[in-house]
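Visitor: Would you mind keeping the following structure in view while I ask a few things?
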Amino acid sequence: MRITDTGDLWWKNAVVYCLDVETFMDWNGDGIGDFAGLTQRLDHLADLGVTCLWLMPFYPTAEKDDGYDITDFYGVDPRLGSHGDLVEMIRTARDRGIRVIADLVVNHTSDKHPWFKAARSSKDNPYRDFYVWRSDPPPPTQHEVVFPDQETSIWELDEKTGEYYLHRFYKHQPDLNVSNPKVRDEIAKVMGFWLEVGLSGFRVDAVPFLLEGAEVEPGSEDGDPHSYLRALRSFLGRRAGDAILLGEVNLPHAEQVEYFGSSDGDELTMMFDFVGMQSLYLSMARHDAAPLEKALRDRPPIPRDAQWATFVRNHDELTLDKLTEGERQEVFAAFGPDEDMQVFGRGLRRRLPPMLSGDPRQIRMAYSLLFSLPGTPVLFYGEEIGMGENLAAPGRMAVRTPMQWTSGKNGGFSTAARRRLPGPVVEGGFAPEHISVAEQRHDPDSLLSFIQQLIRRYRESPELGWSGVEVLDQPHAAVFAHRATWDDGSLVAVHNLGPEPLTVPLRLPDLDAETELVDLLDHGSLACDERGSVEVALEGYGYRWLRVVTPGARRLV
Ligand code: NOJ
Ligand code: CA
């Protein structure tokens, strides 16, 4: 690999780990997770192989959307610690080779933010234009709301001034008006501030909604909202050359790819592959690799320095909004048949292991897939130990329960009384008595050890970060076989999404009898014949990662 080709594009083969400080580790015993606790637990993340931490919002908040309703973009929620505690954490993370990024939530503020309070105080307040107002009664927008259980319109009447303000999300989250140059300046200052504090970039919340308000580009003829995203990226690059924008853009691939920008990749650095994720669940529900294959074959080419972020679960509902109604019902039936497991009519408020009935074979197969798919994998805290959800918590909070460190009180998250915690701990089969870091860290057969191994293999296989996906033809509907090739490395991965053991014939025409396929997750290797054919045996829900080793290869397989 040429150094001049790769530069320092650290995000291309990073391992990202998302957590909320509030639910990770409480160090002062007040029941709320804090930066001091997170700092203490960075070694767990370093051990796991995490290279980039994504912090969910840690700013002062009105606490109506778990921190996504911000009242001060420059602050640190005092319950979590101070700016000093945050900087200590970033410094310690850096020492362990871990970068830190954080949510940038600038589509909206809380209605308790001083800007909105000023804006709604009178129509001629200087902050009025920080938000989006209309005086005519709005048309029906019920079909446009993001949270249909709470909202019926994206416009809310402000009684005092008699006008309506736009809120794409909850009515307590008024949308900022990013066509206002003053708002753009404020957003840039916020980014600049956190970059100086030591962040390596941002997970950008709700990008399409943010751009929606940017239709009028000040001083530009074209009115292209993407010019605003280009401006943000260019500002980021000027302030911190290797910082990233990891965007939340849940759109069909063809529309989504526009958010990477031109072929130079001048907009978002990374985007979550929501379509790939949803197709993976449909494939698992059907024991049929076809939906996943289609999603990956249809992944559009992206700029060289850009990257897909792959994931199986995040902090929100497991959205299935890109599936057809029939497909969504199939996934509901397989993984969340009770109404209480579903949310917003489009998603599941469950974590992966309970959805797979705790079956270790299926769980491991799913994570093996995650780490072998070309892209940069993103884990949500607790996935490494197989945490479940607590449906007694409201809505999406079901999957945001305290991290389970030990089998002791509150799962070792806090010494405080249970009622003082941010939410309930998981109960039942996935409770801390059964699932915890302490129990798994010394057990070589644990899920934690397995995920650690997958991360090691992922990190030593740069082709998984750098190559596109080559789906391999083979005869079994249940099998997903793919190959990633980049520079002098090539890896074949084979996954059985069904319960029956199978033998998978593969044709790899560029290989011959001199080539060995060395198993990266187990002992042993397979030999190709002179035409590059090979048969790979798989258990039910089995998986194999095979490194292509040609004579003279110097790689430590
Ligand atoms: C997307 C975030 O992921 C979600 O948790 C939040 O509620 C909305 N944006 C509003 O900020
Ligand atoms: Ca605390």
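Visitor: For region 20-42, what are the residues that are in a helix (DSSP H, G or I), in contact (Cβ under 8 Å) with a residue 24 or more places away in the chain and open to solvent by 30 Å² or more (accessible area, probe 1.4 Å)? Can you show your working first?
Guide: First, pick out the residues of region 20-42 that are in a helix (DSSP H, G or I): 21-24, 35-40, 42.
Keeping just the survivors that are in contact (Cβ under 8 Å) with a residue 24 or more places away in the chain gives 21-24, 35-36, 38-39, 42.
Listed by number, the residues that qualify are A36, T39.
Visitor: To continue, here is another question. Could you please find all residues in region 537-556 being modelled with pLDDT under 85 and either among the aliphatic types (A, V, I, L, M) or part of a strand (DSSP E or B) (or both)? Let's see the steps before the verdict.
Guide: In the first step, residues of region 537-556 are kept if they are modelled with pLDDT under 85; the result is 552-556.
Hits for region 537-556 are A553, L556.
Visitor: Would you mind finding the one in R79, R120, R91, R99 that is touching a strand residue (DSSP E or B) at 6+ places or on another chain (Cβ under 9 Å), open to solvent by 10 Å² or more (accessible area, probe 1.4 Å) and assigned by TED's automatic domain parsing to the domain that holds G375? Let's see the steps before the verdict.
Guide: Working: R79 fails: touching a strand residue (DSSP E or B) at 6+ places or on another chain (Cβ under 9 Å); R120 fails: assigned by TED's automatic domain parsing to the domain that holds G375; R91 fails: touching a strand residue (DSSP E or B) at 6+ places or on another chain (Cβ under 9 Å).
None of the others qualify; the one that does is R99.
Visitor: Looking at (1) within 24 Å of the chain's Cα centre (by Cα); (2) among the hydroxyl-bearing types (S, T, Y); (3) more than 30 Å from A392 (Cα to Cα), find the lone condition where S436 falls short.
Guide: Evaluating S436 over (1) within 24 Å of the chain's Cα centre (by Cα); (2) among the hydroxyl-bearing types (S, T, Y); (3) more than 30 Å from A392 (Cα to Cα) leaves (3) as the failure.
Quick grid of which residues meet (1) closer than 20 Å to V207 by Cα; (2) acidic (D, E):
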{"position": "D103", "(1), (2)": "yes, yes"}
{"position": "K123", "(1), (2)": "no, no"}
{"position": "E151", "(1), (2)": "no, yes"}
{"position": "W155", "(1), (2)": "yes, no"}
{"position": "D158", "(1), (2)": "no, yes"}
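Visitor: Where residues in region 53-95 are away from ligand 2 (no atom under 16 Å from the Cβ) and basic (K, R), which of them is farthest from E22 (Cα to Cα)?
Guide: R94
Visitor: Turning to a different aspect of this structure: So, in region 171-196, of the ones that are farther than 23 Å from H226 by Cβ and open to solvent by 30 Å² or more (accessible area, probe 1.4 Å), which residue ends up farthest from ligand 1 (Cβ to nearest atom)? Give the steps one after another, and end with the answer.
Guide: In the first step, residues of region 171-196 are kept if they are farther than 23 Å from H226 by Cβ; the result is 171-174, 193-194, 196.
Narrowing further to those that are open to solvent by 30 Å² or more (accessible area, probe 1.4 Å): 171, 193, 196.
Numbers: K171: 12, F193: 20, E196: 24 Å.
Looking at the filtered set, the residue picked out is E196.
Visitor: For region 278-294, give me the residue count where each residue is touching a residue at least 40 places away in the same chain (Cβ under 8 Å) and either of a type in the set (A, V, I, L, M) or open to solvent by 30 Å² or more (accessible area, probe 1.4 Å) (or both).
Guide: The qualifying residues number 11.
Visitor: Now a separate question. Would you point out the residue of region 123-132, among those that are part of a loop (DSSP other than H, G, I, E, B) and out of contact with any strand residue (DSSP E or B) (no Cβ under 8 Å at 6 or more places or on another chain), that is surrounded by the most Cβ atoms within 10 Å (Cβ to Cβ)? Walk me through how you get there before you give the answer.
Guide: Going residue by residue through region 123-132, those that are part of a loop (DSSP other than H, G, I, E, B) are 123-127, 132.
Cutting the leftovers down to out of contact with any strand residue (DSSP E or B) (no Cβ under 8 Å at 6 or more places or on another chain) gives us 124-127.
Values: D124: 7, N125: 15, P126: 10, Y127: 19.
Ranking the candidates gives Y127 first.
Visitor: Now, a different point. Return the residue satisfying two criteria in turn: it lies in region 29-66 and is under 15 Å from S82 (Cβ atoms) and in contact with a Gly (Cβ under 8 Å, 6 or more places away or on another chain), and of such residues it is nearest to ligand 1 (Cβ to nearest atom).
Guide: Among them, the one singled out is Y59.
The values are calculated or read from the model by the stated rules, or taken from the named source; none is laboratory data. Every value quoted in this text rests on a predicted model; they were computed, and no experiment measured them. So basically every Cβ, Gly included, is an ideal-geometry build from the backbone, and we count neighbours across all protein chains shown. Note: accessible area is taken over every heavy atom of the protein model, side chains too, but ligands, DNA and RNA are not part of it. Shrake-Rupley method; radii C 1.70, N 1.55, O 1.52, S 1.80 Å.
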